[in-house]
1. Identify, among Ala413, Ala448, Val499, the residue whose Cα sits farthest towards the positive end of the charge dipole of region 396-518, taking +1 on the Cβ of Lys and Arg and -1 on the Cβ of Asp and Glu, with the dipole about the Cα centre.
2. Picking from Gly206, Leu273, Ile262, whose Cα lies most toward the positive end of the charge dipole for region 175-314 (charges on Cβ: Lys, Arg +1; Asp, Glu -1)?
3. Leaving out ligands and nucleic acids, and using a 1.4 Å probe, what accessible area per residue does region 44-123 come to in Å²?
4. Report, in deg cm²/dmol and to the nearest 500, the calculated mean residue ellipticity at 222 nm for the chain, where each DSSP H run with n ≥ 4 adds -39500 (n - 2.57) and the sum is divided by the residue count.
5. Projected onto the charge dipole of the chain (+1 at Lys/Arg Cβ, -1 at Asp/Glu Cβ, origin at the Cα centre), which of Val380, Pro358, Ile309 gives the Cα projection farthest towards the positive end?
6. Just to verify a number: what accessible area does Phe150 come out at with the full protein assembly present, 1.4 Å probe, Å² rounded to tens?
7. How large is the charge dipole for the chain, taken about the Cα centre, if only the Cβ atoms of Lys, Arg (+1) and Asp, Glu (-1) carry charge, to the nearest 20 debye?
8. Suppose all protein chains stay in the model; what accessible area per residue would a 1.4 Å probe give for region 262-359, in Å²?
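The values are calculated or read from the model by the stated rules, or taken from the named source; none is laboratory data. This is a predicted model, so every value here is computed, not measured. Here the Cβ positions follow ideal geometry from the backbone for every residue, glycine too, while neighbour counts run over all protein chains shown. Side chains included, ligands, DNA and RNA excluded: accessible areas come from the protein's heavy atoms. Shrake-Rupley method; radii C 1.70, N 1.55, O 1.52, S 1.80 Å.
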Amino acid sequence: MGVLAIVTLALGAATVIQIFSWNQSSHYALVRSLDRGMPQIDRYQRTTGDKAFYKGRWYSARAPGTALVALPLYKTLRVTGVTPHLKRFYHGKNDQAIWILGLWAALLPALGTMLLVRYVGDRLEPGYGTPAAIALGGGTLFLPFSTMLFSHVLSAFLGFAAFVLLWRERERDGPDRLWAYALAGGLIGYAITTEYPLLFVGIVLGIYAISRGDWLRRGAVYSAGVAVGVVPLALFDKWAYGSFTHVAYADIPKNQGGFFGIRLPSPLVAIELLFSSRGLLTLAPVLVMGIVGTVLLYRRGRRSEAIVIGAVAFIFVAYNSGYYLPYGGQVPGPRFLITTLPFLALPLALSFKRWPLPTLALAAASVAAMAIPTLATPLVSSEADTGIWMHLLELNYFQASVVTHATGLEGWAAFIPFYLLVAGAGVLAWLATPPGGPVSARALAGGAATAGAWAVLAILAPRWLGIDHAAEKRIVAAGDPTAVHEKFGDYPISHLVFVAAGVTLITLAAAAVLPRFRRHAEPVSDADVAQTGEAAPASAA
């Protein structure tokens, strides 16, 4: 049931056909160039602004890992004669080829990451890995980015898979299986080939790998695996630039200051990344319970794993706070922090068990807050623009869907499959979770109060504390003079928060009613028969 819930959520995301952007078209340009046997994108350079100029040739500014993963599918489509029929549609804003490649290189990795979170979460708290996985896939930036051809979900999957592999190996009794350390290193190496900052995850996991047992052999094998994983990057760089170490990212003028555009971390920018109107915790408050769950994990004795989770989160927030463009352009949130999401989602299994209703409340709010930009348009340029999401939906302006593609139907009705599949994933996750005791009025009040506190902070804190304005000024300094909005504007984010709060209240009401139905529907166990001395009724059997 848990696997079915996760697959259902992934199918819901697959129904969304997003508008393409420079980042996506840059990956796509590289895929098409590789298919033609060349690393340069001169032929397609007009389709994207994410490009670099080096020695008279144009190159994609993206790391090659995602394009290399998408290339076999693109070749298959071309050889079978499909590519000539893939066109832009829905007023020329949505591209069928980019959508299909995104299903392969972003949505499938998102599915794999959710399955891994469920697997390990169930080992921590049997039965609670599924809601943790659904919260990741539906209530964080994983949802919108699993519908677009960006590299972050793929690299996050690779980094988290390496963590799971090392965790399993540390739990085993018996001699080391060195192949597992080599494979974990290989996953990290290719994650770096896909998204360069995954090097930080590789360092943390390298320390984790050698922190117990034969550190020399483990470290040597892990390092060898990393080296093998970055071979595709080195070979591509040699082919494209004549050097094993040169990357196109270094040829972008804005990235030539500091270390590829990264300077000393800024605590103020870190606050913006977390608490602005596009902040990680503003739009995905369930991650707060992931932090709480990490503390529970540490107290339970899983100290090494809790430290790894905390270290990955801290390092990525720190490095991201030193980047000249912290959010990375027109995106619904800090995309460079997506790597941290599966690490923070895993401890949600403990939070769902320990504080079920507050965690459920924040998960419901997160799913609503992430679904709205996914359906409207994830690509906004500044904090004040987040209010446009609800305005677009009120105008019945949505992105395209598979229904739009098949029938031409537009607007909210085109996303009925999305609504049903996401809701169905929630129901299946509930069925896969162990039944709890009676839901008390106090517990319901606690869940509602938790969601209410988030709603107040999400509406007031970004503006009243000046967090949004500071973030907007930073975007202006990076080169976009239109980002500053002195006032709330015509479309405040409060409309989105109110809708998310309403979804939360409905979810809490269902949590109060459904357990009663569930207890009546459960069969009587042999243990119950033994205690009462009565035979189980035929209906229960």
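1. After comparing all options, I get Ala448.
2. Of the candidates, Gly206 comes out farthest on the positive side.
3. 45 Å²
4. Here the helix-only value at 222 nm equals -19500 deg cm²/dmol.
5. Positive-end residue among those listed: Ile309.
6. Probe radius 1.4 Å; accessible area of Phe150 about 10 Å².
7. In debye, rounded to 20, the chain gives about 920.
8. For region 262-359, the solvent-accessible area averages 34 Å² per residue.
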